[in-house]
Amino acid sequence: MKSSSCRYPIHPSPSPRRLLRGYLAHLRARACAEGTVRNSTLYLGNFLTWLETQRVRTIRRVRRRHLEHYQRHLHAYRKRDGQPLAVMGQHVRLTTIQGFFRWLTRRDHLMANPAADLELPRLGVRLPHAVLTAGEAEAIIAQPNPATTVGLRDRVILEILYSTGMRRHELCGLRLDDLDLERGTVLVREGKGRKDRMLPLGLRATDWLRRYLQRGRPKLAAKADALALFLRPDGAGLSTGMLGLLVHRYIQCSGIGKKGCCHLFRHAMATLMLEGGADIRYIQQMLGHARLTTTEIYTQVNITRLIEVHRQTHPAEREFWKKPENRTSRYCPHCGRSFSHLP
């Protein structure tokens with residue numbers, strides 16, 4: 001009598017879309033951030049659609065070669081504007097697929113994980129494209145008209161972004177009971193990684209915040225029990241999309257010639273505090289980074305001291321500044337510091 005061996009149980013495999021729904025339910029049960037669930041829905045949905053074009057109808061038929069083919073597909077993909085996917089974008093999509101297949105293997109939908117040894121794109125160290133100077137930050141903050149209710153609200157938003165460096169979804173999530181104006185602090189609830197942290201507001205931001213709470217917010221609050229700190233004219237809380245649009249508009253109106261949004265203020269806060277002598281571990285705490293290596297990128301952006309050392313020690317620079325006709329300006333065009341200490 002011939003012995004029969006079956007690699008998988010006899011019952012048919014659930015459809016890929018059904019398995020995806022189960023995985024998303026698993027992410028929600030683990031209390032993953034809604035953004036994680038939303039991105040997993042999009043990225044895995046696109047992957048399953050691509051599998052259908054390759055005539056792979058069940059998850060059990062997925063092999064390593066299919067995943068490598070999809071990786072090449074992501075590399076060659078072009079967005080609507082003709083630009084390729086960034087390396088980080090490719091990396092995130094592939095790690096999402098890896099997480100899906102790990103879950104499938106642990107739930108015994110697969111005997112082996114085809115994505116276990118998938119080689120991911122290498123992530124280089126990317127510096128911020130644009131970093132605001134103190135003067136540029138002040139030029140942006142001065143754009144809203146605080147004489148109007150919405151202008152006062154927007155001024156406070158820019159002040160808090162600049163002072164604390166918080167992310168835009170963290171700012172949109174602020175509530176009245178997160179503020180401690182006596183101590184000048186604000187509680188950021190469930191930042192990245194669902195971690196809370198306490199941040200100093202700073203004297204100037206706290207002063208503007210008091211004005212908004214006294215004269216601006218009561219005019220926006222349609223409900224007396226509304227807890228959201230920053231409100232729209234209809235009384236609803238600000239969304240991250242609306243916040244990004246208004247900050248982008250003020251950056252454009254300032255005429256500084258730099259592109260960006262809320263993250264510009266995050267980069268500026270970290271870089272300028274480092275230039276002012278702050279310890280990098282305090283910057284890490286302000287930004288809410290889990291690893292110090294993530295914060296250390298700002299030490300590469302802060303090159304003020306490097307400019308000074310280069311000017312003092314490079315032979316070409318020293319010869320240039322020895323000539324009287326080149327010493328008409330005693331200040332560095334980059335940082336504005338005096339060169340009176342140079343020979």
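The values are calculated or read from the model by the stated rules, or taken from the named source; none is laboratory data. Fair warning: this is a prediction, and the values are worked out from it, not measured in the lab. Glycine also receives a Cβ, built like all others from the backbone with ideal geometry; neighbour counts cover every protein chain displayed.
Test L42 against the stated conditions and say whether it is at pLDDT 95 or above and crowded, with 16+ Cβ neighbours inside 10 Å. Give the steps one after another, and end with the answer.
Numbers: at pLDDT 95 or above: yes; crowded, with 16+ Cβ neighbours inside 10 Å: no.
No; evaluated as a whole, the condition is false for this residue.
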Item checked: Considering residues of the range 221-259 that are free of Cβ contacts under 8 Å to residues at least 12 places away in the same chain and outside any loop (DSSP other than H, G, I, E, B) only, the residue farthest from I141 (Cα to Cα) -> G241
Margin query: Condition check: more than 30 Å from E190 (Cβ to Cβ), aliphatic (A, V, I, L, M) and either modelled with pLDDT of 90 or more or part of a helix (DSSP H, G or I) (or both). Does A25 satisfy that?
Written below: no
Next item on the list: With respect to V92, determine if the residue is surrounded by 12 or more Cβ atoms within 10 Å (Cβ to Cβ), farther than 30 Å from L231 by Cβ and either out of contact with any Leu (no Cβ under 6 Å at 6 or more places or on another chain) or outside the structural domain of S254 (by TED's automatic domain parsing) (or both).
Entry: yes
Item checked: Given (1) over 12 Å from L118 (Cα atoms); (2) in a helix (DSSP H, G or I), index of the condition R80 fails -> (2)
Margin query: Of all residues being under 24 Å from the mean Cα position of the chain (by Cα) and acidic (D, E) in the range 172-222, which is nearest to D154 (Cα to Cα)? Just the residue, please.
Written below: D178
Note to self: For the range 169-193: of the residues being more than 16 Å from A205 (Cβ to Cβ) and touching a helix residue (DSSP H, G or I) at 6+ places or on another chain (Cβ under 6 Å), which is surrounded by the most Cβ atoms within 10 Å (Cβ to Cβ)?
What the structure shows: C172
Next item on the list: Would you mind finding the one in G165, G216, G135, G202 that is closer than 23 Å to Y250 by Cβ and loosely packed, with under 15 Cβ neighbours inside 10 Å?
Entry: G135
Notebook entry, point to check: Does Y162 satisfy the criteria of being in the same structural domain as A228 (by TED's automatic domain parsing) and in contact with a Leu (Cβ under 7 Å, 6 or more places away or on another chain)?
Noted result: no
Notebook entry, point to check: What are the residues in the range 142-171 that are within 17 Å of the chain's Cα centre (by Cα) and not in a helix (DSSP H, G or I), if any?
Noted result: G165, M166, R167
Next item on the list: Could you please find all residues in the range 123-136 being at pLDDT 90 or above and either among the charged types (D, E, K, R) or in a loop (DSSP other than H, G, I, E, B) (or both)?
Entry: E136
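Residues checked against (1) assigned to a helix (DSSP H, G or I); (2) under 16 Å from R266 (Cβ atoms):
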residue: D177; (1), (2): yes, no
residue: V186; (1), (2): no, yes
residue: E190; (1), (2): no, no
residue: M198; (1), (2): no, no
residue: Y212; (1), (2): yes, no
residue: K219; (1), (2): yes, no
Notebook entry, point to check: Within the bounds of the range 262-277, is there any residue that is under 22 Å from T149 (Cα atoms) and surrounded by 13 or more Cβ atoms within 10 Å (Cβ to Cβ)?
Noted result: yes
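Quick test for you: out of A139, A116, pick the one residue that is small (G, A, S), under 30 Å from R64 (Cβ atoms) and either without any contact (Cβ under 8 Å) to a residue 40 or more places away in the chain or outside any loop (DSSP other than H, G, I, E, B) (or both). Talk me through it step by step, then tell me what you get.
Values: A139 fails: under 30 Å from R64 (Cβ atoms).
Of the residues listed, the single one that is small (G, A, S), under 30 Å from R64 (Cβ atoms) and either without any contact (Cβ under 8 Å) to a residue 40 or more places away in the chain or outside any loop (DSSP other than H, G, I, E, B) (or both) is A116.
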